[in-house]
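Quick notes on the structure that follows.
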Amino acid sequence: MKRREFINWVGLGCLASSLPVAIAACSPETSTSATSGSNDTNKGWQKVGSIAELDKTGQLLAENSPVGAVLVVGTSQATQKLIAVNPNCTHQGCTIEWKAKQSKFVCPCHGAEFARDGKVKKSPAEKPLKTYQAKIEAGSVFVKTA
């Protein structure tokens with residue numbers, strides 16, 4: 001065997017042995033779940049904050065969450081009544097506010113109003129707010145895109 005053939009075989013062997021590592025590194029199945037529980041039960045759920053933050057004011061605004069901006073409204077005692085929406089008004093993108101006494105979202109810029117389920121109650125907005133499923137688990141607040 002000539003030296004050039006030997007070097008080609010060694011190079012090919014190195015390339016072939018590193019291929020599985022490269023494929024595994026590029027795989028979309030890498031786990032990014034927020035908890036170490038079962039992947040099936042936590043698949044798609046993203047942590048946006050803690051129950052301490054939520055219980056402090058009854059709402060939690062996470063502007064840089066893994067699913068984008070999210071406003072969660074409720075308390076840890078009323079987990080069945082958690083509301084989670086994208087807090088950007090669909091009219092011109094202002095950050096909406098939750099009005100607990102009226103049980104609605106209001107845009108401070110142009111007065112658009114949205115129901116608890118994100119549907120438009122008062123224009124100028126014409127599209128509903130994007131909504132998310134929300135849950136509390138292990139002291140944290142999680143959302144999942146619907």
Of the residues in region 121-146, those that are polar (S, T, N, Q) and either surrounded by 13 or more Cβ atoms within 10 Å (Cβ to Cβ) or in contact with a Phe, Trp or Tyr (Cβ under 9 Å, 6 or more places away or on another chain) (or both) come to Thr131, Gln133, Ser140, Thr145
Among (1) surrounded by fewer than 19 Cβ atoms within 10 Å (Cβ to Cβ); (2) over 20 Å from the mean Cα position of the chain (by Cα); (3) not polar (S, T, N, Q), Phe114 falls short only on (1)
Result of the Cβ filter at 6 Å on region 111-127, keeping first residues that are at positive phi and partners that are crowded, with 17+ Cβ neighbours inside 10 Å, at least 6 apart or interchain, is Gly118/Val85; Gly118/Leu129; Gly118/Thr131
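Scan the strands (runs of 3 or more DSSP E) fully inside region 92-146 and keep the ones with 2 or more residues being within 25 Å of Gln77 (Cα to Cα).
Numbers: elements: 97-99, 104-106, 120-122, 131-137, 140-145.
Counting at least 2 such residues, we get 97-99, 104-106, 131-137, 140-145.
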If you go through Cys89, Cys107, the only one that is open to solvent by less than 30 Å² (accessible area, probe 1.4 Å), over 21 Å from the mean Cα position of the chain (by Cα) and not aliphatic (A, V, I, L, M) is Cys107
Here, helices (runs of 4 or more DSSP H) confined to region 1-80 with at least 1 residues that are open to solvent by less than 90 Å² (accessible area, probe 1.4 Å), at pLDDT below 80 and closer than 15 Å to Gln133 by Cβ are 39-42
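The values are calculated or read from the model by the stated rules, or taken from the named source; none is laboratory data. Since this is a predicted model, take the numbers as computed values, not measurements. We place every Cβ from the backbone using ideal geometry, glycine too, and count neighbours over all the protein chains shown. Ligands, DNA and RNA are stripped out before the accessible areas are found, and what is left, the full protein with its side chains, is counted by its heavy atoms. Shrake-Rupley method; radii C 1.70, N 1.55, O 1.52, S 1.80 Å.
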